[in-house]
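A.B. asks: I'd like to ask some things about the structure below.
The values are calculated or read from the model by the stated rules, or taken from the named source; none is laboratory data. None of the values given here were measured: they were computed from a predicted structure. Quick reminder, even Gly has a Cβ in these numbers, built from the backbone with ideal geometry, and neighbours come from all protein chains shown. Surface accessibility is based on the protein's heavy atoms, side chains included, excluding ligands, DNA and RNA. Shrake-Rupley method; radii C 1.70, N 1.55, O 1.52, S 1.80 Å.
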Amino acid sequence: MKKIKYQINKLRQKILKYDYFYHTLDQPIISDPEYDYLLNQLYDLELKHKEFVTSDSPTQKIGSNLLNKFKKIRHFFPMLSLENTFDLNGYVKFENRIKKKFINESVIDFCCELKIDGIAVSLIYELGTLVRAATRGDGYFGENITKNIKTIKSIPIQLKGCNIPKRLEVRGEVFMLKSDFLQLNNIDSTVKKKHFSNPRNIAAGSLRQIDAQITAKRKLMFFCHGFNFFEEIIYFKTHYEVLIQLKNWGIPINKEMLICSNYLEVLNFYKKFEKNRLSFDFDIDGIVVKVNSLYFQKKLGSNNKSPRWAIAFKYSSKEEVTKLNDIKFEVGRTGVITPVAYFNPVYISGVLIKKASLYNKNEINKLNLHFNDYIIIKRSGDVIPKIINVVKNKRLTNAKKIFFPIYCPVCNSKLMSNKEEKIIRCLSGLICDAQKKKIFCHFFSKNALDANGLGPKVINELIQKKIVLNLIDFFYLTEEQLKDIENVGKKKSIKIIKTIVKSKKTTMSRFIYALGIFSVGEIIGQKLSNYFNTCNNLINASKQELESIDGIGKVVANNIFNYFSIFENRRLVKRLIEILNIIPCSKHSINNKMTRIFNKDIVITGVFKEYSRNELKKILLKLGARINNRVSQKTELLIYGEKVGSKFLEAKKFNIKMINEKEFYFLINNTN
Ligand code: IVH
């Protein structure tokens with residue numbers, strides 16, 4: 001105990017010193033994440049040992065300390081997400097799972113609520129006063145929006161009534177009324193300019209206004225749907241009871257709640273509001289069903305994404321009927337033909353939609369589409385536009401059926417389909433102008449040969465004017481030729497030529513990726529480069545050899561083999577090898593099994609001096625590492641640069657080995 005008290009005092013002294021440098025002298029001597037890290041450590045200790053909490057602790061001044069513009073703050077309890085279902089089946093599975101766990105209980109109650117389509121926030125009340133508010137962020141760290149939240153009229157700064165806990169977390173949804181959204185869209189031209197397409201987006205934008213006065217003008221609302229206590233409060237038995245108590249303390253809750261004990265009752269609640277949802281003045285996108293008993297909630301716990309005691313039973317997004325104008329068959333870089341339907345624009349969940357992909361031939365056949373059909377559109381998974389059906393009785397009698405083409409709409413060569421007719425491709429490659437443009441753009445793109453300055457517009461014109469016929473021609477372009485291109489003056493043409501010359505020096509993995517072989521992305525490019533070491537070895541590889549490479553399956557091996565079996569491709573690649581300066585795979589990557597990085601789960605964070613993050617990722621991949629974007633318990637190493645953020649703190653929390661940029665270079669240069 002003495003040790004803990006000593007630790008707490010030490011932390012407080014440190015933090016107060018840093019506060020003094022920051023606030024009084026205006027000369028911060030540690031970075032923000034480091035400061036937050038210390039403050040969070042202190043919080044953790046104080047949470048576990050409340051007997052040591054004193055009123056002069058820096059944690060008690062949280063509101064003022066962290067009020068800086070959108071500083072990141074760590075949530076006391078992770079802000080998880082919800083498991084989703086769109087159908088009764090999914091809901092019943094959830095209910096059965098819970099009932100199975102508490103098989104001896106005669107009744108399990110569920111609290112049903114509306115799922116408000118807004119922005120999740122966490123509010124911290126200390127001794128009944130609102131001291132801190134944060135967005136959800138990544139669930140562990142959110143942005144400090146205290147100032148903005150304080151402008152929302154329905155959120156009390158001071159709770160009323162008695163028995164208010166010393167510290168309390170209130171969670172809920174900030175949203176805007178639909179009527180206010182429409183009115184604002186009419187009167188505030190800045191809102192229109194920013195294209196806030198729905199009340200949710202505008203609520204999010206308003207909360208993150210640096211000038212809180214703007215937030216104040218935007219008339220935001222709040223409904224509470226969750227809470228966390230910092231000490232056990234035995235007199236609350238259920239979620240519902242707590243919400244009612246919160247209401248009595250002055251926190252707004254939505255009145256539409258119902259306690260149900262089985263899926264039929266839940267379904268009734270779901271259906272009732274599915275019908276009514278459009279009549280509400282705020283958006284709801286489903287209902288949330290929660291185990292009502294706090295004791296059972298605790299027993300069920302959470303996984304790392306969502307609590308096991310709650311589920312969102314969502315409404316499918318709205319459907320709209322509109323008129324189909326045209327179907328264009330677009331040719332992708334690898335020749336895959338994708339039908340895209342163009343229709344009269346419609347708003348769905350606040351987003352203006354005017355086209356939808358149809359994926360493949362089967363889908364066109366299934367829908368039996370005709371020109372000028374009236375079609376039903378929805379946003380699948382609430383995001384991607386999809387045609388779900390045709391209104392048959394609105395079809396004109398002489399309407400023409402839409403067929404999948406037999407010939408490529410761009411180069412007219414015969415299209416080929418695989419066995420299941422799922423993917424239809426034009427195999428003409430560079431002979432097809434559509435593919436040619438995309439292949440050229442891909443070849444010089446950032447992660448391939450990286451010739452910035454040579455963008456799609458210039459490439460397109462060079463093709464149209466027949467100045468370049470193949471990839472080789474780019475390397476012989478002259479200033480004179482480039483001057484004919486729109487918006488390319490003398491200065492720009494010099495820049496383009498320079499950029500192309502510079503791009504000649506590349507690595508083998510980039511080169512393989514740049515070729516744009518069907519299904520060969522950057523990682524496969526790296527694997528091939530590690531394995532073959534020279535491009536000639538790769539060109540001459542047999543199917544069996546390709547298949548034997550770790551991480552390369554039959555289909556990919558086939559694609560690579562087929563690509564190099566085509567005479568024109570071999571000739572092109574050989575010419576490119578002559579022109580380019582391709583750096584063969586480095587010794588490190590050949591022997592990557594020997595490095596301390598091989599097979600390790602690595603996360604990188606911050607800004608690096610020697611390399612960009614992308615370059616660093618490539619080096620790590622080359623050394624056989626697995627790169628993850630998020631820190632988890634599985635992470636084995638964190639490499640950090642300057643200006644680190646939440647990943648750094650997360651790694652500290654999990655006690656993960658961390659090395660800085662210098663240590664990393666030392667490690668890779670002295671490893672084998
Ligand atoms: S309970 C662990 N209840 O929906 C999260 N969430 O899609 C427990 N939401 O992040 C949340 N209405 O922001 C809960 N009545 C309600 C809700 C609700 C809206 C939001 C919430 C959550 C998101 C998940």
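A.B. asks: How much accessible surface does Met79 have with a 1.4 Å probe, in Å² rounded to 10?
C.D. replies: 10 Å²
A.B. asks: Hand me the chymotrypsin sites (Phe, Trp or Tyr not before Pro) from region 69-176 located in a DSSP loop with no more than 10 other Cβ atoms within 10 Å, in residue order please.
C.D. replies: Listed in order of number, the matching sites amount to none.
A.B. asks: Pull up all non-local amide H partners of Leu427: gap of 5 or more, or a different chain, and H-to-H distance under 5 Å with H placed in the peptide plane.
C.D. replies: The list, which skips near neighbours in sequence, is Met416.
A.B. asks: Among Ile15, Ile523, Met1, whose Cα sits farthest toward the positive end of the charge dipole of the chain (+1 at Cβ of Lys/Arg, -1 at Cβ of Asp/Glu, about the Cα centre)?
C.D. replies: Ile523
A.B. asks: Let me ask you something else. What figure in square angstrom, to the nearest 10, would you give for the accessible area of His225 with a 1.4 Å probe?
C.D. replies: Accessible surface of His225 is approximately 60 Å².
A.B. asks: Find the relative contact order for the chain and round it to a whole percent, using C-alpha pairs within less than 8 Å whose residues are 6+ positions apart.
C.D. replies: 9 percent
A.B. asks: Still on this structure, I have one more. Which FRET efficiency value, to the nearest 0.05, is calculated for Glu615 and Asp211 with the Förster distance at 60 angstrom and r the Cβ-Cβ distance?
C.D. replies: Working from the Cβ atoms, E equals 0.95.
A.B. asks: Calculate one ³J(HN,Hα) per residue across region 635-650 by plugging θ = phi - 60° into the Karplus curve 6.51 cos²θ - 1.76 cosθ + 1.60, and present them in order as whole Hz with x for glycine and proline.
C.D. replies: For region 635-650, the Karplus-derived couplings read 4, 9, 8, 10, 9, 10, x, 8, 6, 6, x, 5, 4, 4, 5, 4 Hz, x marking Gly and Pro.
A.B. asks: Which log10 I(q)/I(0) values, to two decimals, does the chain give at q = 0.05, 0.11 Å⁻¹ under the Debye formula with one point per Cα?
C.D. replies: Log10 of I(q)/I(0), two decimals: -0.34, -1.37.
A.B. asks: Do any chymotrypsin sites (Phe, Trp or Tyr not before Pro) in region 199-244 lie in a loop, going by DSSP, with at most 10 other beta-carbon atoms within 10 Å of their beta carbon, and if so which?
C.D. replies: Here the chymotrypsin sites (Phe, Trp or Tyr not before Pro) that fit, given the DSSP loop and packing criteria, are Tyr235.
A.B. asks: What FRET efficiency comes out for the pair Lys483/Lys178, r = Cβ-Cβ distance, R0 = 51 Å, nearest 0.05?
C.D. replies: 0.40
A.B. asks: Where nothing but the Cβ of Lys and Arg (+1) and of Asp and Glu (-1) is charged, how large is the charge dipole of the chain around its Cα centre, in debye to the nearest 20?
C.D. replies: So the magnitude is around 740 debye.
A.B. asks: Still on this structure: Nearest 0.05, what FRET efficiency do Asp550 and Asn460 give at R0 = 41 Å with Cβ-Cβ as r?
C.D. replies: 0.55
A.B. asks: Now for a separate question. Convex hull over the Cα atoms of region 424-529, averaged projected area in nm²?
C.D. replies: Spelled out: convex hull of the Cα atoms, projected over all directions, averaged, 6.7 nm².
A.B. asks: Tell me, rounded to the nearest percent, the portion of alpha carbon pairs in region 105-171 spaced more than 15 Å apart.
C.D. replies: Result for the distance tail: 61 percent.
A.B. asks: How many times 2.2 N^0.38 Å is the alpha carbon radius of gyration of region 212-264?
C.D. replies: 1.51
A.B. asks: Right, here's the next one. Can you give the angle from 0 to 90° between the axis of helix 522-532 and the longest principal axis of the chain, with both taken from C-alpha atoms, to the nearest 10?
C.D. replies: It is inclined by approximately 50 degrees.
A.B. asks: When the scattering of region 178-295 is computed by the Debye formula from its Cα atoms alone, each counted once and equally, what is log10 I(q)/I(0) at q = 0.18 Å⁻¹?
C.D. replies: Normalising to I(0) and taking log10 leaves -1.06.
A.B. asks: With a 1.4 Å probe and every protein chain left in place, work out the accessible area per residue of region 177-289 in Å², rounded to a whole number.
C.D. replies: That works out to 54 Å² for each residue.
A.B. asks: May I ask for the angle, rounded to the nearest 10°, between helix 32-48 and the longest principal axis of the chain, with both axes built from Cα atoms and the value confined to 0 to 90°?
C.D. replies: 40 degrees
A.B. asks: In degrees, nearest 10, range 0 to 90: what is the angle between the Cα axis of helix 263-276 and the longest Cα principal axis of the chain?
C.D. replies: Helix 263-276 sits roughly 70 degrees off the main axis of the chain.
A.B. asks: Moving on to the next point. Compute the accessible area per residue over region 319-456, keeping the other protein chains in place, probe 1.4 Å, unit Å².
C.D. replies: Value for region 319-456: 53 Å² per residue.
A.B. asks: Using the Kirkwood formula on the Cα atoms of region 353-472, what hydrodynamic radius do you get, in angstrom to one decimal?
C.D. replies: Result for region 353-472 stands at 17.4 Å.
A.B. asks: Nearest 20 debye, what's the magnitude of the dipole of region 511-634 about its Cα centre given +1 on Lys and Arg Cβ and -1 on Asp and Glu Cβ?
C.D. replies: Result for region 511-634 is approximately 340 debye, rounded to the nearest 20.
A.B. asks: Per residue of the chain, what 222 nm ellipticity follows from adding -39500 (n - 2.57) for every DSSP H run with n ≥ 4, rounded to the nearest 500?
C.D. replies: Using -39500 (n - 2.57) per qualifying helix, the result is -10500 deg cm²/dmol.
A.B. asks: Sticking with this structure for a sec: In whole percent, and with a 1.4 Å probe on the protein chains, what portion of the accessible area of region 357-478 is carbon and sulfur?
C.D. replies: After summing per-atom areas, the C and S share lands at 54 percent.
A.B. asks: Which one of Tyr374, Gly301, Ser316 is farthest out on the positive end of the charge dipole of the chain, using unit charges on Cβ (Lys, Arg +1; Asp, Glu -1) and the Cα centre as origin?
C.D. replies: Tyr374
A.B. asks: Relative contact order of region 621-672: what whole-number percent is it, with Cα pairs under 8 angstrom and at least 6 residues apart?
C.D. replies: 35 percent
A.B. asks: While we're on this one: Could you tell me which trypsin sites (Lys or Arg not before Pro) in region 313-400 are loop residues by DSSP with no more than 11 other beta carbons within 10 angstrom of their beta carbon?
C.D. replies: Lys400
A.B. asks: Please give the charge dipole size of region 359-454, origin at the Cα centre, charges +1 on K and R Cβ atoms and -1 on D and E Cβ atoms. Round to the nearest 20 debye.
C.D. replies: 320 debye
A.B. asks: Right, something else. Whenever you get a sec, compute what percent of the accessible area on region 516-672 sits on carbon and sulfur atoms (1.4 Å probe).
C.D. replies: 50 percent
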